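Bear in mind that the values in this text are calculations on the coordinates, not laboratory data. Just so we're clear, the structure is a prediction, and the values are computed from it rather than from any experiment. So basically every Cβ, Gly included, is an ideal-geometry build from the backbone, and we count neighbours across all protein chains shown.
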Amino acid sequence: MRLFQLQRVSAIALLVFLTIHMMVLHYPPFHIDFARILERMADPMWKAIDIAFLFFVLVHALSGTYAVLTDFDCVSRARKVLAGGATVIGVAAFFYGAATILAFQPPV
Amino acid sequence: MYRSNGFISFLLRRVTGIALVLYLFTHMWVIGSALQGSQVFDARLAAVQTPFFKFAEVALLAALFYHAFDGLRLLLVNWFKITDYRRSLFYAAFGLAAIMTLAGAVPILVFLVQG
């Protein structure tokens, strides 16, 4: 899949996931703390939705950053290094984010 | 060229995109404190609930809505080959982003005042 296709597919997914995220978590504004988030995250479906959201947001963010940076000639020469770096950051951020989502467990 | 709608749209989309990427990793760092337990999480979250961050949230909303609507405009123009409407769709995306930002900002600022 080409970079611009990756950008578009992830953008369409984000339109759905971001709308859900904003409506459920931020609108209307309310006091947020660990206990409040735990109420929602007790349902495994929300964990799955949030992990899918994390995946698409990282794909969109990192492929977008790659596209912006490779517009500069000096960076463009090192595009393979940049692509490798973006992949490493993406994988690490995905595991960190997924671990965070799974950390919202009710006390035993 | 540098005053054309196409260039302004291109520049704004990239600037908002970079701002959103920086926000994403900051957001992950804040929420990631859940790995250290509920007390650390609540303390870190409280640190970003100050009035300054509420105003920053409004700026974030503006960047997010502009980036989303302008991106949607690009998808529509490319899919339906409606390049003749590029300029009007740019104004529509800008207007929609402004309306949605306002609709999101009012409850945030009311919540800030009322607590």
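Tabulated data for the structure shown
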{"read-out": "Selection from segment B:75-88 of residues that are of a type outside the set (S, T, N, Q), surrounded by 10 or more Cβ atoms within 10 Å (Cβ to Cβ), assigned to a helix (DSSP H, G or I) and without any contact (Cβ under 8 Å) to a residue 24 or more places away in the chain", "value": "B:LEU75, B:LEU76, B:VAL77, B:TYR85"}
{"read-out": "Test: residue in segment A:63-80 that is surrounded by 13 or more Cβ atoms within 10 Å (Cβ to Cβ), at negative phi, within 13 Å of the chain's Cα centre (by Cα) and at the interface with chain B (Cβ under 10 Å from one of its Cβ atoms)", "value": "yes"}
{"read-out": "Within segment B:1-33, tally of residues that are exposed (fewer than 13 other Cβ atoms within 10 Å of the Cβ), of a type in the set (A, V, I, L, M), part of a helix (DSSP H, G or I) and in contact with a helix residue (DSSP H, G or I) (Cβ under 8 Å, 6 or more places away or on another chain)", "value": "0"}
{"read-out": "Selection status of B:ARG44, within 11 Å of chain A (Cβ to nearest Cβ) and closer than 16 Å to A:LEU69 by Cβ", "value": "no"}
{"read-out": "Close pairs from segment A:19-32: first more than 8 Å from every other protein chain (Cβ to nearest Cβ), partner of a type outside the set (A, V, I, L, M), Cβ under 7 Å, at least 6 apart", "value": "A:HIS21/A:PHE53"}
{"read-out": "Condition met for A:ALA99 (surrounded by 15 or more Cβ atoms within 10 Å (Cβ to Cβ), within 11 Å of chain B (Cβ to nearest Cβ) and small (Gly, Ala, Ser))", "value": "no"}
